[in-house]
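**Student:** Structure below; questions to follow.
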Amino acid sequence: MSFTIGVLTSGGDAPGMNAAIRAVVRAGLTHGWRVLGVLRGYAGLMNGETREMTSSSVSEIIGRGGTILYTARSEEMMTVGGQARAASICREKEMDALVVIGGDGSFRGAQALANLGINVIGIPGTIDLDIPCTDYSIGFDTAVNTAMEAVDKIRDTSSSHERCSIVEVMGRSAGYIALHCGISTGAEDILLPELYNGDEKAVFERVIKNRKAGKKHHIIINAEGVGHSEEMAERIEAATGVETRATILGYLQRGGSPTCRDRLLATQMGVRAVSLLAAGARNRIIALKHDEVVDYDINEALAMKKDVPQELLEILPLLKR
Ligand code: F6P
């Protein structure tokens, strides 16, 4: 019996998505299945943009950032009409299942397809690490290491000029990159969208206190969700007299060659997607829990919640002198 799967990447790209595509394609082909690469996420799916994947179409991509299938954010996929269209293309293309590599929003699209009778498997891929059902999402390790290296460099020039530096990292509504990057660079301040109460006076006071204590720099990691880094820099300089600069790292955090952790987990998760389908599973989301690759029913997965890890937050006050 012939079996056809589709695979797509959706939402913001993340380093390691290519490794996941490669694993899905190679493991699928090993089962003797037909594998269709869907271009440009759900937007491409709605236009029927697919291409036949072979073993060689995923050669030499495990170490490449971005996604060879391209990605997009699709407003239309949030509408009933768009979802129906996407489901009908899956049927037209005779897909027995669709593997969706992306974040929470992409999984909501997958859930809509599942409700329309399409078998979907989700693989978590976003640098933001904000998918509630999983401890890890493909791309986070690479992105946070990119941010960490950038902050190390900014610290050099910040110390030479005895400045305060605000470094804005990605994370529109989640502070995971800011928190991990802030702890791993020994930043003096970390502003998270989940917790920051807008108390700039407290920030000013810490800048002044550190300066009095002889510190040559003051690094503030600011999450995108808090934002306004340029204006904040001006206010800090005006209130403290310490020269302050802002750097917004932006999209460079989404690119680059994936780390070993991202390549490995992407590969494990891609293979898991195929073995689930081979075992007859329907509508699952793959996750990492306590360092183990697991999978959940899609409705159960999307009902989960997660908070910023308390154990990391508790570290912060202990490091402020
Ligand atoms: O990939 C996640 C993310 O990087 C967020 O942190 C950010 O807010 C968003 O994507 C921006 O992406 P885009 O401009 O491509 O929509």
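The values are calculated or read from the model by the stated rules, or taken from the named source; none is laboratory data. It should be emphasised that the depicted structure is a prediction, and the values quoted were computed from it without experimental measurement. So basically every Cβ, Gly included, is an ideal-geometry build from the backbone, and we count neighbours across all protein chains shown.
**Student:** Which residues, counting only those in the stretch 131-176, are within 16 Å of the ligand (Cβ to nearest atom), surrounded by 20 or more Cβ atoms within 10 Å (Cβ to Cβ) and more than 23 Å from E188 (Cβ to Cβ)?
**Tutor:** Of everything in the stretch 131-176, those that are within 16 Å of the ligand (Cβ to nearest atom), surrounded by 20 or more Cβ atoms within 10 Å (Cβ to Cβ) and more than 23 Å from E188 (Cβ to Cβ) turn out to be I131, T134, S137, I138, G139, F140, D141, T142.
**Student:** Confirm whether E188 is closer than 26 Å to P309 by Cα and among the acidic types (D, E).
**Tutor:** Answer is yes for this residue.
**Student:** Here is a follow-up. Taking G198 as the residue in question, decide whether it is out of contact with any Ser or Thr (no Cβ under 7 Å at 6 or more places or on another chain), without any contact (Cβ under 8 Å) to a residue 60 or more places away in the chain, within 30 Å of N299 (Cβ to Cβ) and assigned to a loop (DSSP other than H, G, I, E, B).
**Tutor:** no
**Student:** Quick one: which residue in G117, G109 is surrounded by fewer than 15 Cβ atoms within 10 Å (Cβ to Cβ), under 30 Å from A303 (Cβ atoms) and either within 16 Å of the ligand (Cβ to nearest atom) or at pLDDT 95 or above (or both)?
**Tutor:** G117
**Student:** Scan the stretch 231-271 for residues that are surrounded by fewer than 19 Cβ atoms within 10 Å (Cβ to Cβ), among the basic types (K, R) and either outside any helix (DSSP H, G or I) or within 16 Å of the ligand (Cβ to nearest atom) (or both) and jot them down.
**Tutor:** Within the stretch 231-271, just R245 meets the criteria.
**Student:** Output the number of the condition that K289 fails; it satisfies all remaining conditions of (1) under 25 Å from V7 (Cα atoms); (2) among the basic types (K, R); (3) at pLDDT below 90.
**Tutor:** (3)
**Student:** Based on what the data block shows, is A150 of a type in the set (A, V, I, L, M), in contact with a Pro (Cβ under 8 Å, 6 or more places away or on another chain) and under 19 Å from S229 (Cβ atoms)?
**Tutor:** no
**Student:** Here is a further query. If you check E311 against the conditions, is it at pLDDT 95 or above and outside the structural domain of A213 (by TED's automatic domain parsing)?
**Tutor:** Taking the combined requirement at face value, the residue does not satisfy it.
**Student:** For the stretch 35-56, give me each residue that is at negative phi, surrounded by fewer than 17 Cβ atoms within 10 Å (Cβ to Cβ) and not acidic (D, E).
**Tutor:** Pass one, the stretch 35-56, residues at negative phi: 35-39, 42-47, 49-56.
In the following step, the residues that additionally are surrounded by fewer than 17 Cβ atoms within 10 Å (Cβ to Cβ) were identified as 47, 51-52, 54-56.
Residues satisfying the conditions are N47, R51, T54, S55, S56.
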